[in-house]
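Taking it in order: structure first as structure tokens, then the write-up.
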Amino acid sequence: MTIASSRPGQRDLAETPQEVREVQFAITTLGLGVAAVALAVGGPVLIVLGAGLAASDLFGVFASPVALMWLVVGLGGAGLAFSRDRRVVAIAVAATAVMVPVIVAGFQGLVPYSRAVNAFMSTGSLIAMLGGVALGVAAILAGFGRYGRMPTKRAREQAIAGAVLGIEAVVVGLTFLAFRTLGDPDRFVFHFFNVGILEGTGGVFLRGAINTVILAVVGELGGIVLGLLLALLALSKRAVVRAPARVYINFFRGTPLIWQLSVFYFGFSLGLGIRLELTIGPVQLSAAYVTAMVVFILNTGAYGAEVFRAGIQSIERGQMEAAQSLGMTYGQAMRFAIVPQAVRRVIPPLLNEFVILIKDTSLVVVLGLFPENYDLFTTAREGYSATFNASFFTAAALGYLVVTLPLIGAVNAVEKRLRSGLVTVTT
Amino acid sequence: MSAPLVRLEGVHKWFGDLHVLKGIDLGVEPKEVVVVIGPSGSGKSTLLRTINLLEEPTAGRVFFEDTELTDVRTNLNRVRAHLGIVFQAFNLFPHKTALQNITMALDKVLGLDDEEARRRATQELDHVGVAHKADAYPGQLSGGQQQRVAIARALAMRPKVMLFDEVTSALDPELIQEVLDVMKRLADEGMTMVVVTHEMGFARTVGTRLLFLDEGRILADGQPRDIFHNPDNERIQQFFSRIL
């Protein structure tokens, strides 16, 4: 039975002419709110990017071999998705394929940085901000003034949404206006969005992103194996088996990752001479880089152990009883009945741990890596040291988001699938 | 009379301060269908679960044939393969199909090869009337179908005794009969069974022996007919007057 969401007097459709007017008023309010946000937020951003595009060699960017290959692959992928009747995916892929070169061109056009400042300070941008604030105030007054009189739930929600969008537009618009008049946009853009100073750093940032992903993937995969092992020990009915696992888990969860990195590298590697250099074929990995991987595995193992322990304990006791009643040993029951179910349940928390680890790999900045091992953050920090310009940090943030946002999306998708009952257990 | 398959001697069970079983002595002969009834909280399920040592007795001894299960030197896993049990909550493995639920133990415990395990699993599914659902996951089956798969899973081990722990209590009323029918057929085929149930019709018609349990003690032990028609104990009379 669903919880009744409707009150007895609630209707879906307006009936009298007066009610029809109220419903139209609500739609108008929502439109006002949307327009206000579009002006206050979208206006200045589009004007700045537009200035970049106008000054850029858009045709040249699209005509470059890399962009053409990108477009062919992207649009081909979109066509493939469309042919398999996945239209939303197809549209998203196609839009990404076209928009990335456009954005790249827009950024290229924002050199020198003063072009962005001028666009932001232009009259057009001022009008957009003022207009956004004015429309926002109108939406707030209209929505909050009349929402109580709306005859249908839908109209009521539209009126409220319009008013809230109005608030958001006013807040952003006023912030922009205050920044224009009281702040120092020139200095801000120079230090945070200086595309010119980043020119030619694409290669090192890409290398940084690859190193970040390598460190995180190695740490996570190793940590999952170690974590499952520790969880099984921590779940033993014998205290003498549990104790060492608990000590390990609590130690690695209880000390800072930066402390662990420092002790393992400066203490063990440099101090005691236990140098974990690794040669895989033609690739030579420095002691600092390998030590970082080992520490990430050890650390993630401790957190992973707690995730697995919770997952295994969440499996109904009847499952173990059923397996053992069939003559399986405790080990067989764990391996074939309990752990496979637990693994499905811990996928979302493990992915979350992975997202956290991706960001935590930035702590390798304390180790003094060789340039070829720089992660995203170290790359940015080195760039900043050389130029005293924080735009490198902005670029690093974009790099982290490119990696983490799809993962966060994957976590939510997996959770939704698990919740939708793909692997539900009848009770 | 042949030797009992299952024997309990002076079994006591404490859960903390709660004295659930207060000295149970019981022998189950081959081909007997022992039905255990009694008010809730009387220790019926605990008694049943003590037979395959899912509950370890606090005191007393449990035997299967000549093996003492309460002896720590006994390999419980080996003995349990001969003691099938079916639970109220089915406890099928939700990540395995009906067929795989059955073949898992055939493979891992009995060491049958794939083909033999599949053959035996299909045969048992057919036996309980759900062969057409072999490739369905438990979540795609009705309660009655799940419980019949669970029975097939236990039977595939070729147990010498089958234990049933309130197997119809979690089922919708219209699904109960299909499970009871399977159990009745098993009894007719000569399976030794111990059945904890609230189904009095089943107790009367299928049971060859009835135990009435109350507050951890066996109050009556005899022919179902006699106990139903002439309950000589006041507690038993009271129980019947409430449920019949």
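The values are calculated or read from the model by the stated rules, or taken from the named source; none is laboratory data. Quick caveat: nothing in here was measured; it's all calculated off a predicted structure. Note that we place each Cβ from the backbone using ideal geometry, even for glycine, and neighbour counts take in every protein chain shown. When the accessible area is computed, the model is the full protein with side chains, heavy atoms only, and any ligands, DNA or RNA have been set aside. Shrake-Rupley method; radii C 1.70, N 1.55, O 1.52, S 1.80 Å.
Can you pull out the residues in the range B:100-124 that are facing chain A (nearest Cβ under 7 Å) and either hydrophobic (A, V, I, L, M, F, W, C) or assigned to a loop (DSSP other than H, G, I, E, B) (or both)?
The answer is B:Met104, B:Ala105, B:Val109.
Tell me, which residue of the range B:75-99 that is open to solvent by 30 Å² or more (accessible area, probe 1.4 Å) and free of Cβ contacts under 8 Å to residues at least 60 places away in the same chain is nearest to the other protein chains (Cβ to nearest Cβ)?
Filtering first and then ranking leaves B:Asn77.
Contact list please: Cβ distance under 7 Å, first residue in the range A:38-62 and more than 24 Å from A:Gly166 (Cα to Cα), second residue open to solvent by 60 Å² or more (accessible area, probe 1.4 Å) and basic (Lys, Arg), pairs at least six apart or on different chains.
A:Ala51/A:Arg115; A:Gly52/A:Arg115; A:Ala55/A:Arg115
Surrounded by 13 or more Cβ atoms within 10 Å (Cβ to Cβ) and not in a helix (DSSP H, G or I): which single residue out of A:Ser269, A:Ser236 fits that description?
A:Ser236
Answer yes if at least one residue in the range A:20-33 is closer than 26 Å to A:Gly196 by Cβ and either in contact with a Phe, Trp or Tyr (Cβ under 6 Å, 6 or more places away or on another chain) or not acidic (Asp, Glu) (or both), and no otherwise.
Scanning the range A:20-33 turns up no residue that is closer than 26 Å to A:Gly196 by Cβ and either in contact with a Phe, Trp or Tyr (Cβ under 6 Å, 6 or more places away or on another chain) or not acidic (Asp, Glu) (or both).
Looking at (1) touching a Ser or Thr at 6+ places or on another chain (Cβ under 8 Å); (2) exposed (fewer than 14 other Cβ atoms within 10 Å of the Cβ), can you tell me which one B:Arg225 breaks?
Failed condition: (1).
Which of the residues that make up the range A:315-340 are over 18 Å from A:Leu230 (Cα atoms), more than 7 Å from chain B (Cβ to nearest Cβ) and open to solvent by 30 Å² or more (accessible area, probe 1.4 Å)?
A:Glu316, A:Arg317, A:Met320
Yes/no matrix, rows are residues, columns are (1) of a type in the set (Asp, Glu); (2) more than 15 Å from the chain's Cα centre (by Cα); (3) under 23 Å from B:Thr67 (Cα atoms):
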residue: B:Pro4; (1), (2), (3): no, yes, yes
residue: B:Val11; (1), (2), (3): no, yes, yes
residue: B:Phe15; (1), (2), (3): no, yes, no
residue: B:Val20; (1), (2), (3): no, yes, no
residue: B:Gly23; (1), (2), (3): no, yes, yes
residue: B:Lys31; (1), (2), (3): no, no, yes
residue: B:Val35; (1), (2), (3): no, no, no
residue: B:Gly43; (1), (2), (3): no, no, no
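I need a count of the residues in the range B:90-118 that are farther than 18 Å from A:Phe336 by Cβ and within 21 Å of the chain's Cα centre (by Cα).
Number of matching residues: 0.
Scan the range A:114-131 for residues that are open to solvent by 50 Å² or more (accessible area, probe 1.4 Å) and under 30 Å from the mean Cα position of the chain (by Cα) and jot them down.
Within the range A:114-131, A:Arg115 is the sole residue that qualifies.
Of all the residues that make up the range B:30-47, how many are polar (S, T, N, Q), open to solvent by less than 30 Å² (accessible area, probe 1.4 Å) and part of a loop (DSSP other than H, G, I, E, B)?
1
Cβ-Cβ under 7 Å, sequence separation 6+ or interchain: first residue in the range B:153-166 and free of Cβ contacts under 8 Å to residues at least 60 places away in the same chain, partner aromatic (Phe, Trp, Tyr) and surrounded by fewer than 22 Cβ atoms within 10 Å (Cβ to Cβ). Which pairs?
Nothing qualifies.
Please count how many residues of the range A:293-334 are free of Cβ contacts under 8 Å to residues at least 12 places away in the same chain and either aliphatic (A, V, I, L, M) or under 25 Å from A:Gly219 (Cβ atoms) (or both).
Total meeting the criteria: 2.
Give me the residue from the range B:53-74 that is more than 12 Å from chain A (Cβ to nearest Cβ), of a type outside the set (S, T, N, Q) and assigned to a loop (DSSP other than H, G, I, E, B) and, out of that set, most open to solvent (accessible area, probe 1.4 Å).
The residue in question is B:Arg73.
Is it the case that the range B:124-141 has a residue that's crowded, with 17+ Cβ neighbours inside 10 Å and among the polar types (S, T, N, Q)?
no
Kindly check whether there is at least one residue in the range A:219-227 that is of a type in the set (A, V, I, L, M), at pLDDT 95 or above and open to solvent by less than 60 Å² (accessible area, probe 1.4 Å).
yes
When you go through (1) surrounded by 15 or more Cβ atoms within 10 Å (Cβ to Cβ); (2) modelled with pLDDT under 90 one by one for A:Val283, which number turns out not to apply?
The one condition A:Val283 does not meet is (1).
If B:Ala121 passes every condition in (1) open to solvent by less than 30 Å² (accessible area, probe 1.4 Å); (2) within 17 Å of the chain's Cα centre (by Cα); (3) of a type in the set (Gly, Ala, Ser) but one, which one does it miss?
In the conditions (1) open to solvent by less than 30 Å² (accessible area, probe 1.4 Å); (2) within 17 Å of the chain's Cα centre (by Cα); (3) of a type in the set (Gly, Ala, Ser), B:Ala121 misses (2) alone.
Confirm whether B:Thr50 is open to solvent by 30 Å² or more (accessible area, probe 1.4 Å) and either more than 18 Å from the chain's Cα centre (by Cα) or modelled with pLDDT of 95 or more (or both).
When the stated conditions are applied, B:Thr50 does not pass them.
A:Gly166 passes all but one of (1) open to solvent by 70 Å² or more (accessible area, probe 1.4 Å); (2) assigned to a helix (DSSP H, G or I); which number fails?
All conditions are met except number (1).
Filter the range A:23-45 for residues that are in contact with a helix residue (DSSP H, G or I) (Cβ under 7 Å, 6 or more places away or on another chain) and either outside any helix (DSSP H, G or I) or over 30 Å from A:Leu13 (Cβ atoms) (or both) and give the result.
Passing the criteria: A:Leu39, A:Ala40, A:Val41, A:Gly43, A:Pro44.
With the requirement that a residue be within 13 Å of the chain's Cα centre (by Cα) and open to solvent by 50 Å² or more (accessible area, probe 1.4 Å), what does the range A:349-363 give you?
Of everything in the range A:349-363, those that are within 13 Å of the chain's Cα centre (by Cα) and open to solvent by 50 Å² or more (accessible area, probe 1.4 Å) turn out to be A:Asn352, A:Ile356, A:Lys359.
Regarding A:Ala305, is this residue over 26 Å from the mean Cα position of the chain (by Cα), surrounded by 14 or more Cβ atoms within 10 Å (Cβ to Cβ) and within 24 Å of A:Leu350 (Cβ to Cβ)?
No.
Can you go through B:Lys108, B:Lys184 and tell me which one is open to solvent by 60 Å² or more (accessible area, probe 1.4 Å), out of contact with any His (no Cβ under 7 Å at 6 or more places or on another chain) and more than 17 Å from B:Val33 (Cβ to Cβ)?
The unique qualifying residue is B:Lys108.
Are any of the residues in the range B:157-164 charged (D, E, K, R), more than 10 Å from chain A (Cβ to nearest Cβ) and either outside any loop (DSSP other than H, G, I, E, B) or buried (at least 23 other Cβ atoms within 10 Å of the Cβ) (or both)?
no
Within the range B:76-84, is there a residue that is in contact with a helix residue (DSSP H, G or I) (Cβ under 9 Å, 6 or more places away or on another chain), part of a loop (DSSP other than H, G, I, E, B) and at pLDDT below 95?
Checked against the condition, which is being in contact with a helix residue (DSSP H, G or I) (Cβ under 9 Å, 6 or more places away or on another chain), part of a loop (DSSP other than H, G, I, E, B) and at pLDDT below 95, the range B:76-84 yields at least one hit.
Quick test for you: out of A:Arg253, A:Arg207, A:Arg242, A:Arg275, pick the one residue that is charged (D, E, K, R), surrounded by 12 or more Cβ atoms within 10 Å (Cβ to Cβ) and part of a loop (DSSP other than H, G, I, E, B).
Answer to the selection: A:Arg275.
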